[in-house]
Amino acid sequence: MPVRPVAEDDEVDARPFGEPEGAEPIAVTRLTRPDQRWTVRRELVDYENALEIVKNTGLVRFEDLGLEVDREVEESYGWVADDFCSPRGETSWSVLFRRGEWSARTDTHTTVTCTPEEFVVHARLDAYEGDVRTFSRNWNRRIPRDCV
């Protein structure tokens with residue numbers, strides 16, 4: 001790193017930085033183990049490729065709030081060599097918040113495929129309070145590829 005020469009009449013404070021400052025870590029208790037994996041599969045005969053991802057945080061309790069949070073994620077992506085209509089992506093997410101008797105959860109599922117002319121998107125969102133579904137929405141979209 002370059003060093004800046006300091007002249008006697010320089011008014012810049014050349015003292016080093018003080019001690020670093022920061023907040024205390026948040027008190028958390030891990031209630032279940034996380035699970036995180038990336039699995040890559042390549043079939044050398046038929047040129048199929050796949051990526052499977054698991055990103056589960058495990059259930060965690062924030063002690064100061066008494067709030068429990070969990071996130072479970074599964075994603076998969078696949079394609080076949082030079083088949084430009086073969087790519088497919090699929091994601092499923094579930095996020096849970098819970099405190100005492102109250103709980104809320106969102107579940108989402110999205111699939112993206114394609115045709116020679118379009119990307120095809122199907123998506124679903126469901127929201128729950130306890131076991132009661134309070135909101136649901138579905139999307140079905142076709143998006144022009146525009147030479148992609």
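Output the residues belonging to the stretch 27-60 that are part of a loop (DSSP other than H, G, I, E, B), surrounded by 10 or more Cβ atoms within 10 Å (Cβ to Cβ) and out of contact with any Pro (no Cβ under 8 Å at 6 or more places or on another chain). Reasoning before the result, please.
Pass one, the stretch 27-60, residues part of a loop (DSSP other than H, G, I, E, B): 27, 31-34, 43-47, 57-59.
Right, trim to surrounded by 10 or more Cβ atoms within 10 Å (Cβ to Cβ) and you get 27, 31-32, 34, 43, 47, 57-59.
Those that are part of a loop (DSSP other than H, G, I, E, B), surrounded by 10 or more Cβ atoms within 10 Å (Cβ to Cβ) and out of contact with any Pro (no Cβ under 8 Å at 6 or more places or on another chain): ALA27, LEU31, THR32, PRO34, GLU43, TYR47, LEU59.
Go over the candidates VAL60, VAL80, VAL54, VAL40 one by one and state the one that is more than 24 Å from the chain's Cα centre (by Cα), modelled with pLDDT of 95 or more and either at negative phi or not aromatic (Phe, Trp, Tyr) (or both).
Details: VAL60 fails: more than 24 Å from the chain's Cα centre (by Cα); VAL54 fails: more than 24 Å from the chain's Cα centre (by Cα); VAL40 fails: more than 24 Å from the chain's Cα centre (by Cα).
After applying the criteria, what remains is VAL80.
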request  = Name, by its number, the condition in (1) modelled with pLDDT of 95 or more; (2) in contact with a Cys (Cβ under 9 Å, 6 or more places away or on another chain) that does not hold for CYS85.
outcome  = (1)
inquiry  = Looking at the stretch 36-58, I want the residues that are more than 16 Å from PRO87 (Cβ to Cβ) and have a partner that is surrounded by 10 or more Cβ atoms within 10 Å (Cβ to Cβ) and among the small types (Gly, Ala, Ser) with Cβ atoms under 9 Å, at least 6 apart or on another chain. Which pairs are those?
reply    = THR39/ALA50
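The values are calculated or read from the model by the stated rules, or taken from the named source; none is laboratory data. Keep in mind the model is a prediction, meaning the values are calculated, not measured. A quick note on method: Cβ atoms are made from the backbone with ideal geometry, for glycine too, and the neighbour counts reach across all protein chains shown.
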